[in-house]
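Asks: Sending over a structure as structure tokens; questions will come in a sec.
Bear in mind these aren't lab numbers, they're just calculated from the coordinates by the rules spelled out. Values in this document were obtained by computation on a predicted structure and should not be read as measured data. In this analysis, Cβ positions are derived from the backbone assuming ideal geometry, glycine residues included, and neighbour counts consider all displayed protein chains.
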Amino acid sequence: MTPYPYRDEGGNPHLIIIAVAFVVSLAVHLGLMMTVSEWHVDTVMLPASLATPPPRPPMHVDRMTHDPERALEDPVVAELLDSAGPGVASERVSELAPPPDPAMITPPARQPEALAGTQVSDLAVPRQPTALGWQPRQEIVAIVDKVVQDDLAALPRREIPRIERVAQAPDFVPSVDVTRDRFGGITATATRLTPTTAVPAAPATRDEVLAVRDTVPEAVTVELDEAVTPEAAIDRFGEAPAQVTEYFAVDWRLMAHVETHMPKGNDGRNYFRLRVMRRGQQELPVVPKDIIFLQDSSRSLAEERLYFCRQALKAVLPRLNPLDRFNIVKFSGAAEFCFPDWSPVEPAALEKASAFIDTMRSEGQTDILASVRALQTLPRTPGRPQIAIVITDGRATAGITESTEIIGAFTRMNNGVCSVFTLGTHGRANSYLLDLLSFCNRGASVVVTSGRWDIPKHIEALADSVARPVLGNVNVTTDLASQADLHPLPSANLFADRTLEFYGSTPAGVTNVVVHMRGEGGQARCDVIFRLDLASAPHGDDSIRQGWARRKMHSLIGEYAREPSPALLKEMRALSRQYRLPIPYRDQL
């Protein structure tokens with residue numbers, strides 16, 4: 001066995017090399033020390049001219065023998081008079097500068113009498129300046145901007161008689177007393193009739209409503225002020241009876257159901273839910289409508305979903321009412337109409353529409369604003385509600401793609417004329433665009449989340465819910481005394497198969513709210529007034545309070561989509577904190 005397996009027995013050679021190097025280095029350093037110490041380095045000698053100057057005292061005063069700014073000798077006057085300088089002839093100087101006439105520069109002689117002054121006594125009263133009277137400016141003021149026309153000054157002045165105010169008078173007064181139908185009372189009209197005058201019964205059908213409008217009542221004794229004549233009334237108030245819009249009271253044809261909720265705490269407000277519906281099947285008959293279906297056929301809507309949309313449209317068209325009119329639009333980059341105008345529901349039109357539906361293919365981009373803007377090209381017939389059903393995924397990829405701009409632009413163009421209902425084809429649809437586009441335009445939205453096989457079922461259900469319109473162009477207001485805050489506004493239209501639902505809020509202590517509703521029932525203008533007794537209404541749960549807060553939030557978001565402003569955002573945040581309600585579509589605002 002080797003005792004040193006990793007090195008030689010003779011020793012390590014590296015140690016010997018290190019020792020030799022140490023000895024050599026020591027010898028070299030000693031030699032350098034001995035030789036360098038004898039070296040002599042000459043210093044650089046500075047020139048004598050750069051020697052340090054002698055020190056000077058801090059202040060040194062020299063005596064000046066003459067003024068440096070003044071010439072040493074006075075100039076020769078004779079030389080200056082004869083020439084203008086070196087190189088200038090004296091005769092040329094005399095031509096350029098002739099001497100002036102002595103008579104012009106010699107001052108007049110002074111008179112001693114002129115310098116004596118005026119003798120004034122010290123006791124004399126000082127002379128006062130002459131006071132001048134008021135001197136108006138003698139100038140013409142021109143009228144630059146004429147505000148009042150010259151012929152208005154010659155018109156006679158009309159005085160409006162003083163109207164006696166009635167304390168706590170209602171804001172809305174119906175033309176008939178609607179309590180007759182509920183309690184069998186006598187109908188009270190706005191005019192004072194004689195006891196011998198018979199009061200006609202309320203019409204029960206739409207034909208009777210139109211007949212009553214065209215029927216002239218018999219002459220009755222009406223007490224009028226002798227000084228007031230119809231001509232004077234027209235001249236005073238500027239409105240002829242022929243120009244007055246006629247509204248027919250339909251209070252007995254509609255019914256309202258109200259529930260209240262009075263939360264405990266420091267809220268300080270009460271809440272109520274109002275549902276409006278027809279009283280019976282024969283009341284307020286269905287009116288003909290104009291309906292249009294807008295189908296998204298862009299690439300973003302896959303072919304497997306577009307197939308079910310085509311099947312649903314083919315099933316819905318034959319179920320339209322006989323007096324309805326319809327049209328179909330497919331849109332991707334641009335909108336393409338099936339008919340140039342509204343088409344009646346006829347076999348030939350239905351066959352052409354079915355062939356048009358079969359041409360829909362999933363291709364191109366999605367320009368939603370251009371498609372809904374195409375609705376403005378169709379004519380509107382007064383008395384016929386206009387309804388649009390938009391079937392899309394809500395993903396705008398062409399034109400204006402910002403959802404807020406699309407909502408605001410179309411809402412301003414539409415101005416509540418067309419009721420827009422939207423249907424999202426899948427759960428990833430743009431719910432912000434679909435919800436707000438319908439909410440701001442008297443409609444509602446539906447999103448299919450269960451699968452593409454359920455698309456036909458949802459389209460058919462949406463079309464059936466708007467198949468029978470009753471009142472169009474509905475306008476809802478509340479009385480000022482109750483300070484009620486009602487939502488949603490603008491209101492949706494009234495359909496026979498849909499219930500109008502409103503949520504309201506009033507200050508604590510308010511027990512009565514008056515709701516005034518107007519609408520168009522075909523060619524007739526309808527008017528209804530609901531007096532809500534909140535004190536005796538049935539009580540509901542907290543869902544009424546949360547329902548009002550959600551609809552209030554949607555109203556603010558819709559208003560922000562039309563006209564964005566920081567004040568609306570601030571109001572949304574305050575509402576969110578008070579009701580612990582998250583702001584929907586926050587990333588879209």
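Asks: Fewest first, what order do Leu254, Leu306, Leu15 take by the number of other Cβ atoms within 10 Å?
Replies: Leu15, Leu254, Leu306
Asks: Given the stretch 373-476, report the % of alpha carbon pairs whose separation exceeds 17 Å.
Replies: 54
Asks: Mind listing the long-range amide H neighbours of Asp497? Cut-off is under 5 Å, sequence gap 5 or more, other chains count too, H placed in the peptide plane at 1.01 Å from N.
Replies: Amide H neighbours of Asp497, under 5 Å, 5+ apart: Arg468.
Asks: Something else: If amide H atoms are built 1.01 Å from N in the plane of the peptide, which residues on other chains or at least 5 residues away come under 5 Å of the amide H of Arg525?
Replies: Result for Arg525 returns Phe248.
Asks: At a 10 Å Cβ-Cβ cut-off, how would you order Val528, Val20, fewest neighbours first?
Replies: Result, fewest neighbours first: Val20, Val528.
Asks: From the phi of every residue in the stretch 104-109, what ³J(HN,Hα) in whole Hz does the Karplus formula 6.51 cos²θ - 1.76 cosθ + 1.60 yield, where θ is phi - 60° and glycine or proline is x?
Replies: Result, rounded to whole Hz: 7, 9, 7, x, x, 6.
Asks: Hey, another quick one. Just name one of His458, Ala312, Val417: the one whose Cα is farthest towards the positive end of the charge dipole of the stretch 290-467 (beta-carbon charges, Lys/Arg +1, Asp/Glu -1).
Replies: Looking along the dipole axis, the top candidate is Val417.
Asks: Another question, if that's okay. Taking the inverse of the average 1/r across all pairs of different Cα atoms in the stretch 441-589, what Kirkwood radius in Å do you get?
Replies: Radius from the Kirkwood sum: 17.8 Å.
Asks: A follow-up question, please. Full extension from Arg577 to Ala302: what is 0.36 nm times the residue separation minus their Cα-Cα distance, to one decimal in nm?
Replies: 94.9 nm
Asks: Based on a Kirkwood Rh over C-alpha pairs, give the Stokes-Einstein translational diffusion coefficient of the stretch 290-467 at 20 °C and viscosity 1.002 mPa s in µm²/s.
Replies: Result for D is 135 µm²/s.
Asks: Apply the Debye scattering formula to the stretch 542-589, with a single equal point scatterer on each alpha-carbon and no solvent, then give log10 I(q)/I(0) at q = 0.19, 0.24 Å⁻¹.
Replies: -0.55, -0.85
Asks: When a footprinting reagent is the concern and you count Cβ atoms within 10 Å, what order do Glu346, Glu164 take, fewest first?
Replies: With the fewest neighbours first, Glu346, Glu164 line up as Glu164, Glu346.
Asks: Report ³J(HN,Hα) in whole Hz for each residue of the stretch 518-524, in order, from the Karplus equation J = 6.51 cos²θ - 1.76 cosθ + 1.60 where θ = phi - 60°; Gly and Pro get x.
Replies: Working through the residues one at a time gives 10, x, 10, x, x, 7, 8 Hz.
Asks: Chymotrypsin sites (Phe, Trp or Tyr not before Pro) within the stretch 459-567: which are DSSP loop residues with at most 16 other Cβ atoms inside 10 Å?
Replies: Answer by residue number: there is no such site.
Asks: If the only charges are +1 at each Lys and Arg Cβ and -1 at each Asp and Glu Cβ, what is the size of the charge dipole of the stretch 290-467 around the Cα centre, to the nearest 20 debye?
Replies: Magnitude of the dipole: close to 140 debye.
Asks: With θ taken as phi - 60° and the coefficients 6.51, -1.76 and 1.60, list the Karplus ³J(HN,Hα) couplings across the stretch 363-379 in order, rounded to whole Hz; mark glycine and proline as x.
Replies: 7, x, 8, 10, 10, 6, 5, 5, 6, 6, 5, 5, 4, 6, 7, 7, x
Asks: Are there chymotrypsin sites (Phe, Trp or Tyr not before Pro) in the stretch 327-422 that DSSP marks as loop and that have at most 15 other Cβ atoms within 10 Å, and which are they?
Replies: none
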